[in-house]
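In what follows, a structure is listed as structure tokens, so that the remarks can point back to it.
None of the figures in this text is laboratory data; all of them are computed from the coordinates on show. Predicted, not measured: the structure shown is a model, and the values here were computed from it. Cβ sites come from the backbone with ideal geometry, for glycine too, and all protein chains shown count toward neighbours.
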Amino acid sequence: MISIDKDTLDSLLEKFRNEQQTLLPEVKLKNIFLTEKLRLVAGVDTAYWDAKDKTYGACCIVVIDFITHEVVEKVNSFGVVTIPYIPGFLAFRELPLIMDAVKKLTKQPDIYMFDGNGYLHHRHIGIATHASFYVDKPTIGVAKSYLKIKDVDFTMPDNHVGAYTDILIDNEIYGRTLRTTKSVKPIFISCGNWIDLETSTDIVMRLINKESRLPIPVRMADLETHVVRKKLQETL
DNA sequence: GCGACAG
DNA sequence: ATCTTGTCGC
């Protein structure tokens, strides 16, 4: 339902590329925290629907206790979404609602996990990395499918929990596939910012249960967006 | 023109 | 992402 004329879209893309280029030098793939001290992990996801010739979005953030896996807090935001989905520019579509939700948090997460890529991006600024500069916390990218970069495919990991294969492009590790559940498609993990890939993988694996191949915070945020959307479709 | 395409 | 039921396999 989103329609933008070509010139407007082109100028937007130009602006988006510049912002990604500007942020790139600030990305640091080193931990700025101790895993042993992690307490609150946030999962972020967004759902969409069309109504009245407009596209709406609902963003949910679920904060989980890293040790007990208890839900510590849930917040959401919603509204009209005007930026279309463009592969490689997901952050520009989702960040507005994400930040509206972040502002409602009363607890401050130690780390955020996003539904999408981080460093595993043609310019290394996928949504997880991009969002880190706005939430000012370490982030991890967790994607359910692979967005091909420079025509490089990924190698399927072995069929056992914890198996992984790194995604090497131009002699650099962009991210990795990770088998979180046996006989289920792997997910794609990548650093967001201020964290390394080993730690990202470790944190994700420690938040997996038999309910889903996705880590608990992201899975719960995903489910929550569906609940919120249904409620809003009946109300609004 | 055709295929690809995080969410 | 979203539209959608049953069904094959571990």
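Nearest 20 debye, what's the magnitude of the dipole of chain A about its Cα centre given +1 on Lys and Arg Cβ and -1 on Asp and Glu Cβ?
Details: 30 positive and 31 negative charges, 98 e Å.
Once rounded to the nearest 20, the dipole reads 480 debye.
Working ranking of peptides A:47-53, A:116-122 by packing, defined as the average number of other Cβ atoms within 10 Å per residue, highest first, is A:116-122, A:47-53. Residues whose amide H lies under 5 Å from that of A:Thr55, counting only those 5 or more places away or on a different chain, are A:Val81; hydrogens are built 1.01 Å from N in the peptide plane. When you count the other C-beta atoms within 10 angstrom of each residue and take the mean per peptide, A:125-131, A:26-32 line up highest first as A:125-131, A:26-32.
The Cα center of region A:34-78 and the Cα center of region A:165-199 differ in position by 22 Å. Here the 3J(HN,Hα) profile of region A:215-226, calculated from phi with Karplus coefficients 6.51, -1.76 and 1.60 at θ = phi - 60°, is x, 2, x, 5, 4, 5, 5, 4, 4, 5, 5, 5 Hz, Gly and Pro shown as x. Please list, in order along region A:6-19, the HN-Hα scalar couplings obtained from phi with the Karplus expression 6.51 cos²θ - 1.76 cosθ + 1.60 (θ = phi - 60°), rounded to whole Hz, x for Gly and Pro. So the Karplus estimates, Gly and Pro as x, are 4, 5, 4, 5, 4, 5, 5, 4, 4, 5, 4, 4, 4, 5 Hz. Per the Debye formula with a single identical scatterer at each Cα and no solvent contribution, what log10 I(q)/I(0) holds for region A:38-88 at q = 0.27 Å⁻¹? Once normalised to I(0) and log-transformed, intensities are -0.96. Only helical runs count toward this figure. For chain A, summing -39,500 (n - 2.57) over DSSP H runs of n ≥ 4 and dividing by all residues gives -9500 deg cm²/dmol at 222 nm.
Using C-alpha pairs under 8 Å with a sequence gap of at least 6, the mean separation divided by the residue count of chain A gives a relative contact order of 21 percent. Max-minus-min Cα coordinates of chain A on each principal axis give 46, 41, 34 Å, with the largest extent listed first. Of the residues A:Phe154, A:Ser212, A:Asn18, the one whose Cα sits farthest towards the positive end of the charge dipole of chain A is A:Ser212 (charges of +1 on Lys and Arg Cβ, -1 on Asp and Glu Cβ, taken about the Cα centre). In this simple spin-label approximation, A:Val161 and A:Leu24 carry label points 7 Å from Cα along the Cα→Cβ vector, and these lie 4.0 nm apart.
I'd like the antiparallel share, as a percent to the nearest 5, of DSSP beta bridges with both residues in chain A. Here the antiparallel bridges make up roughly 80 percent for chain A.
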